[in-house]
Amino acid sequence: MLQSKSFVKKTKQGRIQKVVREHYLRDDVYCGFVPCSACDAAAERKLDAAAAAILVVDTNVVLHQIDLLENPAIEDVVLLSVVLDEVKNKNLAVFNRIKALCTNKARRFYVFANEQHRDTYVKDMVGESSNDRNDRAIRVAACWYQSHLGESTKVLLITNDRDNKRKAIEEGLNAETVESYVRSLAQPGLLDLVVVPTSGDVTMEDAEDHRPSKKKVIYNEHKPMSEVTSGLRCGIYHQGKLRVNRYNPFEAYVGSESIGDEIVIHGRSNMNRAFDGDIVAVELLPQDQWHESKSFIADDDEEEEDVHLAPNSADDAPRNTSSTQSTVGSSAPSVSSRPIGRVVGIIKRNWNSYCGSLEPMPMPAGSRGVAHALFVSKDRRIPKIRIQTRQLENLVNKRIIVAVDSWDVLSRYPSGHYVRTIGDIGDKETETEVVLIENDINTRPFSTQVLACLPPLPWTLSLEDLSNPNRQDLRHVRVFSVDPPGCRDIDDALHCTLLPNGNFEVGVHIADVTNFVHPGTPLDEEAAQRGTSVYLVGQRIDMLPKPLTEDVCSLRADVERLAFSVIWEMTPDADIISTRYTKSVIKSCAAMSYVEAQARMDDSRLVDPLTVDLRNLNSLAKIMRQRRCERGALTLASAEVKFEIDSETHDPLDIGMYQIREANQMIEEFMLAANISVAEKILKYFPLCSLLRRHPSPTKEMLEPLLRTASSVGLNLDVSSSKALAESLDNAKSNDPYFNKLIRILATRCMTQAVYFCSGDLTFSEYYHYGLAASLYTHFTSPIRRYADVVVHRLLAAALDIAKLPPIFQDGPQLTGIADNLNYRHRNAQMASRASVELHTLIYFRTRPTDTEARIVKVKANGFIVFVPKFGIEGPIYLTPRGDKGGDWVVDEVHQRVTKPGTNISYAVLQTVRIHMEVVEPQPHRPKLQLTLI
Amino acid sequence: MEYVNPLTGFRVDGRRPNEMRQLKGEVGVVARADGSALFEMGNTRVIAAVYGPREIQNRGQQVNSNEALVRCEYRMAEFSTGDRRRKPKGDRRSTEISLVIRQTMEASILTHLMPRSQIDIFVQVLQADGGTRSACINAATLALADAGIPMRDIVTSCSAGYLCSTPLLDLNYIEDSAGGPDVTVGILTKMDKVTLLQMDAKLPMDTFENVMELAIEGCKAIATYIREVLLENTKRLECQRG
């Protein structure tokens, strides 16, 4: 073991400090080549003896060609630790992907710690930049490999850096560019994955496209980073995350903390190549240019234009839609109060891979060559992406994934590369997969390691479980469950017994998932990563493997199951006298659906014990609900729809609103009560590391659209507190039966989402759950489908001294990380269900053009957005033909009304209109639902 | 931050989790002292000087006239860290470490053999890079042995921490300032007795046992090295005598 010291100078809070760190060099870092005899026999080996060449890749190859590396055709790659460190510093997402490759046992990717190896460590040279030093380190390591493995094995350095390649060849190494290497593999499909370098690293092969005279700068150059940071510091620029308008991709907002308001950005040229989600630096435009432009609904096809596939041609300029928008339509452009700006620099890119399809185009004559195509993302906020492909005929009319590589000032669209094909456009399976991919939902089958953690099947109650002193035998109690019809993952059950003193014993029994999912196991890690089960129309993506979800944990009828119970003693007035928590064994006597339970309660002839229990519970629930509403809990509404699915074709047969019955509300009430009781218990024992759920109070600005809509119809809403809002929502009545629900739906949309958090991160007053008007709340009742509940189960078990608290709870940042992941997964799961509903709506209306009633929810200059209560659909309706910028119509912001001057035709918000819904295909394979006014 | 690289398994300075920094010990570095030693653990460098046994200077301090009085003074040199320290001595931390070292050394010195006398141990940190407490105890042991003060056994000390779900031996400054648990153990190696155990964080019992086990392993390795140094020193003295 040799030792050397590296000297680093480092500034810390502006001060210059010399930091000396030790750096140990070692001789026990091995090459990982299977037949190597020089290295320690016990060392891990991954590089195959039969490999044609051992590949050593440089940092930029990993950063840009990660899609290629993930392809199974690329194997026997050595990743140097210097490369990994650089990748990690530059792009964490890519680093995580390469890390997954290195840890994947099926792939032959070997990590070589060159910085720790005695022979491959390189000292910094005076005057050498860190880039040059790292390049040198890579070459030295490649050299070492070549001499270590001998002449019989070829070591190939893959680099796109011309200089590096030249030096490597001078030093007697084999070096190639990515493109030439992939060409040598003779797999044409693979070439599509190669990112074509845009900078002058390598001479472009398509040099004939190079027409320098025609090159024209379309976008402004981004300001250098140093200028951006100094500009931010002195307040010329403002930093924030760019969010593109969903309805109009030419408009974006940057929420800036320094201004405290949103900066509006109009047009692609002002957005200056920024993507949705990028962290950008924005410069404000002079105040006289702050025109209040009309808010338009941009049509899908607005961007439709002649496609110029040759890159960098002059006519590629983005038309400045904002300037036309701002002058036409309003006779005197009023100076708006909202600041308007333009992007001057991008601080952090949010580039991803996107799902979409190629823009229809005539097939080029020679179909074998390289074709340029424009890719249209399904997400409308993403601009078109230019890609190169050699397999155009295979890609048209397919859903494909494309990754973005760069966006040059000379090019109107960003350029990217093809990643993979999902399937045919319009196909239900393909589109569902698109939904899942877009929301980052893991649908892979559970790995063997995960499945190995399952208990032996078929599982039955063992004597061990029964003899456990912490587990109470409640099999004699009449427990039953009420769930949606067809529910297989039953995670809650109830009981209600009349006590001799006239009180009720009410128990909520939750599936004891933590009895099977132990902390730190692969099963637990997988569940933590998935975070939640995802419910799509006619499909469920489980968080836990199927045997657990549907059998072992599910509290099905007439089988003995393990449960975690919360048992209250309640007076007939629903006052809780005592609360008890215990692990238990139960045997459910009935698994009912909501409809069944409701029917039993309503049928006055039935007086069997089960029905009596249900009625008792229901009367208690009503009192609890009443009390909760008095405290100020909001009854919000959302437009949930239900499909009837054909069992053969899995196509939707019927569509309707999800009906909420008393039975639903009864179950909900007890689940809320259980969650609140558990939250109190765990917070008492673990004030710093409990996982709770909070719902932040909405700010004035967030409720602004609701208030404006309400006042336009003469309704005054009091939003000073949740109680006031609840009351004024209750009073919002008119002769229109749907009016109240509509207002509630609009109110729901103004709220933020409730989020999980770790109790140590916030102060007690921030724990408040606004919607439920509860000072404490958590999730305890659905551990089969939510990981948060699993965490809470562990906390509760530790609070009861049944189990030890897993060490992860000691680690604050890690716990916060779990909470953040759960929030992310939860949000994505919701988005995916919504998208799935939309998809099925489209399929449903494909064969059934319908006339129906709709309500206007938002008014725009060239139309309005309507909501169809019957189907829960929202969509735009255009008043003016496409292309016309709505000159005929005048918007009245105050009254939320759009009028045609000279006539008395006007449309106001919340007004009912008759519409026609039909699926149209303006272009083949691109169906969309179109709403038109009748 | 990753203190253990998940792909290579190396720590930030290239060690494996169960590896110690390079040790270096030298005795007789201060000519005027009765015993002295220099001890290095990587970049942590400590000098210790022992005076005594000698007559008690201030009788007021004497607690028990049948035993020798052990005094210890720990201080950090102004230049020992990157920033220049303003108060090298007398702050809470120095006082605490002085006390810790004194108590640890007292446990091994056969104080009843030297009644009415006092032993002064001065330790000075020349260069700090984490684990100064351990390095001071090791240096003091060497210096006491050099001074020929009778001891029950050699006391050695080593720290271990727990970062990235891995027990790490002998934390350096970067790892020390990560905020994780830091267990400092001092043991009488041959007698297998613990004389010092400090931790200022929470750790679950089973993990704590693993971490402490690792620290004890470290102490034993240091003891072996210290014996070597002393043996070599004795051999050298033997040669000088002829």
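The values are calculated or read from the model by the stated rules, or taken from the named source; none is laboratory data. Being a predicted model, the structure only gives us computed values, none of them experimental. Counting neighbours? That spans all protein chains shown, and the Cβs are built from the backbone with ideal geometry, glycine included. Ligands, DNA and RNA are stripped out before the accessible areas are found, and what is left, the full protein with its side chains, is counted by its heavy atoms. Shrake-Rupley method; radii C 1.70, N 1.55, O 1.52, S 1.80 Å.
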Worksheet entry | Cross-chain or 6+ apart pairs with Cβ under 9 Å, region B:37-53 first and away from chain A (no Cβ under 11 Å), then aromatic (Phe, Trp, Tyr) and open to solvent by 10 Å² or more (accessible area, probe 1.4 Å) | B:47/B:122; B:48/B:122; B:49/B:122; B:50/B:122; B:51/B:122
Discussion item. For region A:810-819, check the following and say yes or no: at least one residue is over 21 Å from the mean Cα position of the chain (by Cα) and touching a residue at least 24 places away in the same chain (Cβ under 8 Å).
Written reply: yes
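Is it fair to say residue A:435 is part of a strand (DSSP E or B) and open to solvent by less than 50 Å² (accessible area, probe 1.4 Å)? Can you show your working first?
Details: part of a strand (DSSP E or B): no; open to solvent by less than 50 Å² (accessible area, probe 1.4 Å): yes.
No.
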Item to complete: Tell me, please, whether a residue that is open to solvent by less than 40 Å² (accessible area, probe 1.4 Å) and part of a loop (DSSP other than H, G, I, E, B) can be found in region A:729-737.
Response: yes
Worksheet item: Conditions: (1) of a type outside the set (Ser, Thr, Tyr); (2) within 14 Å of another protein chain (Cβ to nearest Cβ); (3) surrounded by fewer than 16 Cβ atoms within 10 Å (Cβ to Cβ). Residue A:803 meets all but one. Number of the miss?
Response: (3)
Response to the item:
Matching residues in region B:126-153 (open to solvent by less than 20 Å² (accessible area, probe 1.4 Å) and within 24 Å of residue B:227 (Cβ to Cβ)) number 15
Fill in: Residue list for region A:471-523, filter: closer than 14 Å to residue A:557 by Cβ and among the polar types (S, T, N, Q)
A:481
Item to complete: Working only within region B:154-167, note down all residues that are in contact with a Leu (Cβ under 8 Å, 6 or more places away or on another chain) and open to solvent by less than 10 Å² (accessible area, probe 1.4 Å).
Response: B:155, B:157, B:158, B:159, B:160, B:161
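Based on what the data block shows, is residue B:156 β-branched (Val, Ile, Thr), in contact with a Lys or Arg (Cβ under 8 Å, 6 or more places away or on another chain) and closer than 21 Å to residue B:225 by Cα?
Against the criterion (β-branched (Val, Ile, Thr), in contact with a Lys or Arg (Cβ under 8 Å, 6 or more places away or on another chain) and closer than 21 Å to residue B:225 by Cα), residue B:156 qualifies.
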Worksheet item: Checking residue A:804 against (1) without any contact (Cβ under 8 Å) to a residue 24 or more places away in the chain; (2) in a helix (DSSP H, G or I), which single condition isn't satisfied?
Response: (2)
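If you take the residues in region A:687-714 that are among the polar types (S, T, N, Q) and under 17 Å from residue A:910 (Cβ atoms), which one is most open to solvent (accessible area, probe 1.4 Å)? Lay out the reasoning, then the answer.
We begin by selecting, within region A:687-714, every residue among the polar types (S, T, N, Q); these are A:690, A:697, A:699, A:709, A:711-712.
Pick out the ones that are also under 17 Å from residue A:910 (Cβ atoms) and you get A:709, A:711-712.
Values: A:709: 11, A:711: 64, A:712: 28 Å².
Per the stated criteria, the residue is A:711.
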Worksheet item: Got at least one residue in region B:191-200 being β-branched (Val, Ile, Thr), in a strand (DSSP E or B) and away from chain A (no Cβ under 14 Å)?
Response: yes
Discussion item. Can you go through B:34, B:83, B:91 and tell me which one is among the acidic types (Asp, Glu) and within 14 Å of chain A (Cβ to nearest Cβ)?
Written reply: B:83
Item to complete: Enumerate the helices (runs of 4 or more DSSP H) found wholly within region A:8-110, keeping only those where 2 or more residues are at pLDDT 85 or above, under 27 Å from the mean Cα position of the chain (by Cα) and facing chain B (nearest Cβ under 10 Å).
Response: A:81-90, A:92-103
Worksheet item: How do the pairs read when you match residues in region B:1-26 that are at the interface with chain A (Cβ under 10 Å from one of its Cβ atoms) with residues anywhere that are open to solvent by 30 Å² or more (accessible area, probe 1.4 Å), using Cβ under 6 Å and keeping only pairs 6 or more apart or on different chains?
Response: B:12/B:174; B:22/A:3
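I want to confirm something. Restricting to region B:169-190 and keeping residues that are of a type in the set (A, V, I, L, M) and out of contact with any helix residue (DSSP H, G or I) (no Cβ under 6 Å at 6 or more places or on another chain), which single residue is nearest to the other protein chains (Cβ to nearest Cβ)?
We begin by selecting, within region B:169-190, every residue of a type in the set (A, V, I, L, M); these are B:169, B:171, B:174, B:178, B:183, B:185, B:187-188.
If we keep only those that are out of contact with any helix residue (DSSP H, G or I) (no Cβ under 6 Å at 6 or more places or on another chain) as well, we get B:171, B:174, B:178, B:188.
Details: B:171: 12, B:174: 7, B:178: 11, B:188: 28 Å.
The extreme case among them is B:174.
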Worksheet item: If you take the residues of region A:498-522 that are open to solvent by 30 Å² or more (accessible area, probe 1.4 Å) and assigned to a strand (DSSP E or B), which of them is nearest to residue A:815 (Cα to Cα)?
Response: A:505
Practice prompt. Kindly establish whether residue B:110 is more than 18 Å from the chain's Cα centre (by Cα), open to solvent by 20 Å² or more (accessible area, probe 1.4 Å) and at pLDDT 90 or above.
Written response: yes
Practice prompt. For region A:383-402, name all the residues that are open to solvent by 10 Å² or more (accessible area, probe 1.4 Å), over 17 Å from residue A:436 (Cα atoms) and not charged (D, E, K, R).
Written response: A:388, A:391, A:394, A:396, A:397
Item to complete: Could you please give the count of residues in region A:688-703 that are within 23 Å of residue A:856 (Cα to Cα) and touching a residue at least 24 places away in the same chain (Cβ under 8 Å)?
Response: 2
Worksheet item: Among (1) under 14 Å from the mean Cα position of the chain (by Cα); (2) within 20 Å of residue B:75 (Cβ to Cβ); (3) at pLDDT below 95, where does residue B:173 come up short?
Response: (1)
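Examine region A:405-414 for a residue that is of a type outside the set (Ser, Thr, Tyr) and modelled with pLDDT of 85 or more, and state whether such a residue exists. If you could, list the steps in order and put the result at the bottom.
Going residue by residue through region A:405-414, those that are of a type outside the set (Ser, Thr, Tyr) are A:405, A:407-410, A:412, A:414.
Adding the requirement that they be modelled with pLDDT of 85 or more leaves A:414.
Among the residues of region A:405-414, at least one is of a type outside the set (Ser, Thr, Tyr) and modelled with pLDDT of 85 or more, which makes the answer yes.
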Worksheet item: Looking at region A:717-728, which of its residues are surrounded by 14 or more Cβ atoms within 10 Å (Cβ to Cβ), among the aliphatic types (A, V, I, L, M) and assigned to a helix (DSSP H, G or I)?
Response: A:725, A:726
Discussion item. Restricting to region A:150-177, name every residue that is out of contact with any strand residue (DSSP E or B) (no Cβ under 6 Å at 6 or more places or on another chain), assigned to a helix (DSSP H, G or I) and open to solvent by less than 50 Å² (accessible area, probe 1.4 Å).
Written reply: A:164
